[in-house]
Amino acid sequence: MKLHLTNDPTTNMITGYGKDYVLINQERHDYDLLVLPHEILPWRTECLEELTGGDFETVAHLDPEVVLVGTGQEHRFVHPKLYATLSKRQIGVEIMANGAACRTYNILVGEGRRVACALILNESTFLPSRPVK
């Protein structure tokens, strides 16, 4: 899906996405990443089930006011225990499918919010759900 917005060229906007990629300012990325208004960072994930509290701690240090977690094409659940660090710091967390995360990110950036969008793009490594340790 293509997204079209008029924006400040110094701000990262998600201009398109597909099953295993995202376009940020028309540049294709096909790895799991964190998108912030003025920064793009790789996000260490091997699959949704391999996320740890430490992965979310890394995001917390970026000081967003809200974190959007895109879980791939399908909405999947992330145990609240994993993102407790964000909650304790009063950072909002929303878990959703990538398409919804991309659209929501653009809206929040357009409002001038400090948002981080963590996208899992490689769904091929998803494992069956297992309990959080």
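For segment 42-79, run through the GluC sites (Glu not before Pro) and keep only the ones in DSSP coil with at most 14 other Cβ atoms within 10 Å of their Cβ.
Numbers: sites: Glu46, Glu49, Glu50, Glu57, Glu65, Glu74; in loops: Glu46, Glu65, Glu74.
Of the GluC sites (Glu not before Pro), the ones in loops of segment 42-79 whose Cβ has at most 14 other Cβ atoms within 10 Å are Glu46, Glu65, Glu74.
Using 0.36 nm times the number of residues separating Met96 and Gln26, minus their current alpha carbon distance, what extension gain do you get?
Working it through step by step, the gained length comes to 22.9 nm.
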Legend entry - Order of Phe77, Phe56 under a 10 Å beta carbon neighbour criterion, fewest first: Phe77, Phe56
Legend entry - segment 19-61: relative contact order in percent, alpha carbon pairs under 8 Å with at least 6 residues between: 21 percent
Inset, instruction - Place a label point 7 angstrom from the Cα of Glu50 along the Cα-to-Cβ direction, then list the residues of segment 27-41 whose backbone nitrogen is under 16 Å away. - result: 31-34
Inset, instruction - Compute the relative contact order of segment 14-123 as a whole-number percentage, counting only Cα pairs closer than 8 Å that sit 6 or more residues apart in sequence. - result: 35 percent
Legend entry - Sorted by Cβ neighbour density within 10 Å, fewest at the top, the residues Leu62, Leu33: Leu62, Leu33
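Read the figures in this text as sums done on the coordinates, not as results from a lab. Predicted model, so just to flag it, every value in this text is computed and none were measured. Counting neighbours? That spans all protein chains shown, and the Cβs are built from the backbone with ideal geometry, glycine included.
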